[in-house]
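Take a look at the structure below.
The values are calculated or read from the model by the stated rules, or taken from the named source; none is laboratory data. In this text the structure is predicted, and so the values were computed from the model without any measurement. Cβ: placed from backbone, ideal geometry, glycine included. Neighbour counts: every protein chain shown. These area figures cover heavy atoms from the full protein model, side chains too; ligands, DNA and RNA do not enter into them. Shrake-Rupley method; radii C 1.70, N 1.55, O 1.52, S 1.80 Å.
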Amino acid sequence: MFVKICGIKDLQTAEAVIRLGGDCIGFVAHKNSKRYISPDEAEKIVSAVKGRILTAAVGVTSNECADYGFCDYVQAEDANTSDNCILSGHTEPAGVFRYFLYDKSRGSGERAQYPAWVDGYKDRLILAGGLNPDNVAEIVMTYKPFGVDVSSGVETDGKKDLDKIERFIKEAKSYEKR
């Protein structure tokens, strides 16, 4: 199970995600987000963790991610032009993309209802939206996606909570052992 922890803003949290078994960390490139991190700060983190975890620049559009070219992936609603993209959205995808991240909540943290058509993308589907340590195992068992993505579901008072991150990763990956 591929687990992406998004909204990373500091090296300490990135290192914890690596230690706890996460597969990818995401940096929010959208300047209006409370999780925004500048390209310079994100690049410092990527330099320190390169080769130990995958990294993704996350924006509403791929243009927002242009200054984050040091990341392994670009995640955006229009990121459907290359093999290193994570196309995100809530409608059935088209075009060329490596992974499809379904998130109808669009960063609100509300629990998404997943439509039946997501079944057709299981081998490259990453589910997001309202996931947290208490519900991720159920979502993984029900939908059997390639991966899951979380941001606000592992926060307390707007900050990444290492205990929640640990529980989330453990619960998400527990499906593999069943």
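Observations on the structure shown:
- Of R98, R167, R19, the one that fluctuates the most in a GNM where the chain has Cα springs shorter than 10 Å: R19
- Mean Cβ count within 10 Å, highest first, over the residues of peptides 91-97, 72-78: 72-78, 91-97
- Estimated D of the chain in µm² per second, where Rh is the Kirkwood radius over Cα pairs and Stokes-Einstein applies at 20 °C, 1.002 mPa s: 135 µm²/s
- Counting lysine pairs in region 1-160 whose alpha carbons fall under 15 angstrom apart, excluding pairs fewer than 8 residues apart on the same chain, gives 9.
- Protein accessible area in the chain, 1.4 Å probe - carbon and sulfur %: 46 percent
- When both region 137-178 and region 32-98 are represented by their alpha-carbon centers, they are found 20 Å apart.
- Using only the C-alpha atoms, the convex hull of region 36-91 corresponds to 82 Å³ per residue.
- Shape category assigned to region 1-67 from the gyration tensor of Cα positions, a/c cut at 1.5: prolate
- The packing ranking of peptides 63-70, 154-161, highest mean first, is 63-70, 154-161, where packing means the average number of other beta carbon atoms within 10 angstrom of each residue.
- Peptides 5-15, 132-142, ordered by how many other C-beta atoms sit within 10 Å of their residues on average, highest first, read 5-15, 132-142.
- Mean residue ellipticity at 222 nm, helices only, the chain: -7000 deg cm²/dmol; runs of at least 4 DSSP H residues each add -39,500 (n - 2.57), and the sum is divided by the number of residues.
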